[in-house]
Amino acid sequence: MPDKMLATPLRTRERNYTVTLTEQAYKEIEELIVTLQLPPGEVLSESSLTKQLAIGRTPIREALQRLALEGLVVILPRRGIFVSEVNVRSQLELLRVRREIERLMVRLAASRATALEHERFLHIADAMVKTSDSNDDVEFMRLDQEFNSLVSSTCRNEYARKSMGLLQGLARRFWYQHYKETLDLPLCASLHANLARAIGRGDGNGAAEALDKLIDYIEQFARATV
């Protein structure tokens with residue numbers, strides 16, 4: 001009996017360790033793809049990624065399967081693993097889905113966020129405006145990622161959060177590839193700030209309206225890359 005009781009926690013620790021390494025592998029490979037360090041069409045190798053990231057083969061394989069589910073890599077049996085191509089038409093279709101899911105999420109975030117979380121949204125809004133004034137696109141992108149994470153957590157809806165998570169990598173990569181060419185930072189920062197302020201005020205209807213204006217702009221941004 002004592003042996004069995006000791007064995008279970010050990011197996012649990014091993015599973016948690018694997019999950020942690022898988023998450024680490026996923027985050028590192030996802031960043032390499034989103035920032036175009038692994039460009040579209042690049043052939044990926046489990047063994048080379050294992051050496052590059054110093055992470056075991058099993059976590060690398062599990063991370064690649066998750067990235068395939070999100071559309072960032074393509075796994076072709078007996079042919080290999082490739083970084084997926086960037087496609088404007090696919091990005092526009094993605095935005096159709098994103099608009100509906102994110103509209104729900106910002107409404108929920110406005111009503112379900114705590115007082116401290118509402119304050120954080122207002123702080124992010126002010127910080128975004130400052131990045132526009134200083135033309136700091138790197139800081140804006142950091143704040144945008146923080147804003148997206150805050151919406152995901154404060155909407156308190158696991159299904160919406162997971163659905164949105166499947167889209168974010170593709171959206172971020174498209175943005176990263178083209179923002180220096182066509183981004184209107186003052187306008188983009190203002191639209192994001194308006195959305196963050198509406199959520200911070202607890203105004204669900206206002207947040208949904210601000211979200212629609214933001215997605216309208218992002219659609220124009222996507223079309224301008226053609």
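The values are calculated or read from the model by the stated rules, or taken from the named source; none is laboratory data. Just so it is clear, the model here is predicted, and its values are computed rather than measured. Cβ placement follows ideal geometry from the backbone for every residue including glycine, while neighbour counts extend to all protein chains displayed. Note: areas computed on protein heavy atoms with side chains; ligands, DNA, RNA excluded. Shrake-Rupley method; radii C 1.70, N 1.55, O 1.52, S 1.80 Å.
Couple of notes before you dig in:
- Taking the square roots of 5 times each eigenvalue of the Cα gyration tensor of the range 100-180, largest first, gives ellipsoid semi-axes of 22, 18, 8 Å.
- Helix-only [θ]222 nm of the chain, DSSP H runs n ≥ 4, -39500 (n - 2.57) each, per residue, nearest 500: -27000 deg cm²/dmol
- Between the range 18-88 and the range 160-226, the alpha-carbon center distance in angstrom: 26
- Note on the chain: dipole from Cβ charges, positive end direction compared against His123, Leu191, Ser153; the farthest Cα belongs to Ser153.
- With every protein chain in place, the chain: carbon and sulfur % of accessible area (1.4 Å): 52
- A simple spin-label model places pseudo-atoms 7 Å from Cα toward Cβ; at Tyr217 and Glu146 they are separated by 1.9 nm.
- Relative contact order (percent, whole number), the range 80-226, Cα cutoff 8 Å, 6+ residue spacing: 43
- Rolling a 1.4 Å probe over the heavy atoms of the protein chains gives the chain an accessible area of 56 Å² per residue.
- 3J(HN,Hα) from dihedral phi, the range 104-121, Karplus parametrisation 6.51/-1.76/1.60, rounded to Hz, x for glycine, proline: 4, 5, 6, 4, 5, 4, 4, 8, 9, 5, 7, 4, 5, 5, 4, 4, 5, 4
- Here's the list of aspartates and glutamates a cross-link from Lys162 could span, going by alpha-carbon distance under 12 Å and ignoring same-chain residues fewer than 8 apart: Glu70, Glu102.
- With both labels modelled 7 Å from their Cα along Cα-to-Cβ, the Arg156 to Tyr176 distance reads 3.3 nm.
- 10 Å-binned pair-distance histogram of the range 20-86 (Cα, whole percent): 23, 62, 15
- Candidate cross-link partners of Lys51 among the lysines, defined by an alpha-carbon separation under 19 Å and a same-chain spacing of 8 or more, comprise Lys27.
- The protection proxy used here, the mean number of other Cβ atoms lying within 10 Å of each residue, ranks peptides 154-160, 193-199 as follows, highest first: 193-199, 154-160.
- Point-charge dipole on Cβ atoms (K/R +1, D/E -1) for the chain, about Cα centre, debye to 20: 880
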